[in-house]
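The values are calculated or read from the model by the stated rules, or taken from the named source; none is laboratory data. The shown structure was predicted, so the numbers you read here are calculated from the model rather than taken from an experiment. As a convention, Cβ positions derive from the backbone with ideal geometry for all residues, glycine included, and neighbour counts pool all protein chains shown. Each accessible area value is taken on the protein alone, full model and side chains, heavy atoms only, with ligands, DNA and RNA left out. Shrake-Rupley method; radii C 1.70, N 1.55, O 1.52, S 1.80 Å.
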Amino acid sequence: MRVHEFAKLEDVSSKEVLEVLRKEGFEVKSHMSVLPDDVITFLEKKFSKKASTQEANPKKKEVNTAPQKKQKEQKDIQLPAQEPPQMTPQTQTAQPKKEIISSDQPLLVEPMPLGDFAHKAGVPVSNVIVTLLKEGKARAKNQLLTQEDVLTLCRAYEIEHKEASAGQKKSVLGGAIKLSQENSKKRPPVVVVMGHVDHGKTTLLDFIRKARVASREKGGITQHIGAYSVPTSHGDLVFLDTPGHEAFSKIRKRGASVADIAVLMIAADDGIMPQTLESIKAIKALDIPVVVAINKIDRVDEQRIEVVKRQLTQHDMLPEEWGGQVMCVPLSAKEGKGVDHLLEMLVLQADMMELKASSTAAAQGYVLESKQLKGRGSVATVLCQQGRLKVGDYFQAGKVVGRVTSLTDSFGTSLKKVGPSVPVLVTGFAEMPSVGALFDVISSETYKKRRSELARVSPKMAARLAATDDLQKFNVILKADTHSSLEAILDAFKKFSKKEVKEIVVMRAGVSGVTESDVLLAESTGATIIGFNVKAEQNAISLARKAEVKIHLFDIIYKLLEEFEKLAVREKEVKMVLKKTGQATVLKVFNIKKLGVIAGCIVNDGTFSAKGIVAAIRDKKEVARGKIKSLQRDKKTVKEVHTGFECGFI
């Protein structure tokens, strides 16, 4: 059994079990480490007070036989011909013990022969081959392992390997936070919920916080980061909900970059989908622990759960019950089944990570979201990684400075101060901050200096205006409710520019409603106005009608992109081609009052059409051109006249 399973049976904490093992000289990495039979016996003696009550429990006998069952299954595995298996009793006994490995120096993750890895890790070659076979990789003793193979083996055998420096918080955001150890205290873990669209991410959070978030989302999908501080029976957790639509890939990465633990939501009836793969890549790149939540089990039978686990193994995510390190929790977010077990696993994982943050250092964090609110001006959702943020603090967020005038938590409660890992809505920004900007509390002197520096810098014009008669360009004015939504739509527009013939030119992009200024700019540049989750001012609507400017408003991302694609196709350049259909000789010209000039002709070649355009040629030069208004033959109005016939036309 694993450390956390033993701890649960003995009604003690995993941390306490780990401390006992390490004190006795066992090199055990985490609560996920597998305990051999002799180590379990040793621990039972240590916790002898509770051992007597556990002996009466039949579950203990089942757990104790699990390692033997696992060994029996390994005998049936066929190994490659290059290295015949040597599954002696001694080898079988030694294998589980390799789950607890002592190493003086971290193993460098780099390509190496399989035999070399086995020697460095102190693991029998046959065991290494078996482990790789479980991952679907057939390797021989002298075959070169890739860097990915070595990393997989290090994780499987819990070997300490060379990792990134722990002195910094890794992030794809603007800069990194240097974590201070001064007066550090335990902090709540930040959990990001990731996965494909409509796989139940928001429904899970909805059940946890009982706030009916999903019912308020337009179209049933989350379209920006939601940050929620949630007290649970297992401990406090901070959840980040991220959008699942493909247009929001940057937002998903941003959410994962500030998180400590990831929950990967996979719908049992769908399995792994495109945005699931993208989420897996983001989680691996940031190297954060992951718990897989297999959702919608109320819709499927148990076989579908096994199918999802097999899909996970194809992406180097081996489930815990199959000998890996990835915890899989089947649940129904709609009904709440299995959610309590998921929360327990998250708190357990956080306890093992021993997350701490300084409460006295200057507050530092990241801007998760920014927008305009009526009566409040520019506001932003901020998540501090360390320090204590309070009303009255001066701060800098990227190129924007300000002073905190109010703090509001995810439940709408006004706060005077807030500690690390608690998302809050901050007001007091001088202007709209960039999403992902590093948020720092600064002194009043630094604030005044920085504000004066920004005041001296004159704002430059954004992009130069494109010519209105350029048919190869499609001019757009984009207005959205938040910066992250704006960013996602602009990224989607770039993809359209690659696919469509015309170049998409964004004349203006901002976070606010559609104003008269936008309409005037659209009129002068021939641009189309597109709004996402915003409204148009009444004056702007009236002006747009007079100026014949098109305003398209949307509240669902995929509908906006679908309509935009139609607009781009519709606005393609129309080419006019003139083709000669006939030729005639003018016999006589009649100038009749109230009618005008009538040309009497004989058609020499082709046909003359009543809807045609005629050009008069004299001495091989065009002297006049016009459109036929009326065509007659034998005093009768006709549609066309053929070769050899006389006619007259105006």
Problem - Meets criteria (within 23 Å of S434 (Cβ to Cβ), modelled with pLDDT of 80 or more and open to solvent by less than 80 Å² (accessible area, probe 1.4 Å)) for I504 - result: no
Practice task
Being crowded, with 20+ Cβ neighbours inside 10 Å and not hydrophobic (A, V, I, L, M, F, W, C) narrows it down to one of S421, S406, so name that one.
Solution key: S421
Problem - Hits in the range 263-301 - residues which are modelled with pLDDT under 85 and more than 15 Å from G195 (Cα to Cα) - result: A285, L286, D287, I288
Exercise for the section: From K559, K575, K566, K535, grab the single residue that is closer than 30 Å to L490 by Cα and either in contact (Cβ under 8 Å) with a residue 24 or more places away in the chain or surrounded by 17 or more Cβ atoms within 10 Å (Cβ to Cβ) (or both). Expected result: K559
Practice task
Look at G336 and say whether it is touching a Phe, Trp or Tyr at 6+ places or on another chain (Cβ under 9 Å) and closer than 30 Å to I442 by Cβ.
Solution key: no
Practice task
Search the range 612-650 for residues being open to solvent by 90 Å² or more (accessible area, probe 1.4 Å) and of a type in the set (V, I, T), and hand back the single one that is farthest from the chain's Cα centre (by Cα).
Solution key: T637
Practice task
Restrict the check to the range 582-601 and report whether at least one residue is touching a Ser or Thr at 6+ places or on another chain (Cβ under 7 Å) and either loosely packed, with under 15 Cβ neighbours inside 10 Å or free of Cβ contacts under 8 Å to residues at least 40 places away in the same chain (or both).
Solution key: no
Problem - Total residues in the range 1-19, condition open to solvent by 30 Å² or more (accessible area, probe 1.4 Å) and under 14 Å from T41 (Cβ atoms) - result: 1
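Here's the yes/no breakdown for (1) among the charged types (D, E, K, R); (2) crowded, with 19+ Cβ neighbours inside 10 Å; (3) part of a helix (DSSP H, G or I):
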{"site": "D269", "(1), (2), (3)": "yes, no, no"}
{"site": "I294", "(1), (2), (3)": "no, yes, no"}
{"site": "R299", "(1), (2), (3)": "yes, no, no"}
{"site": "V307", "(1), (2), (3)": "no, no, yes"}
{"site": "L312", "(1), (2), (3)": "no, yes, yes"}
{"site": "M317", "(1), (2), (3)": "no, yes, no"}
{"site": "E321", "(1), (2), (3)": "yes, no, yes"}
Handout entry: Filter result for the condition that a residue is under 18 Å from V511 (Cβ atoms) and either basic (K, R) or modelled with pLDDT of 85 or more (or both), over G402, G392, G377, G387
Key = G402
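Could you pull out the residue among L355, L368, L348 that is in contact with a Pro (Cβ under 8 Å, 6 or more places away or on another chain), open to solvent by 10 Å² or more (accessible area, probe 1.4 Å) and in contact (Cβ under 8 Å) with a residue 24 or more places away in the chain?
L355
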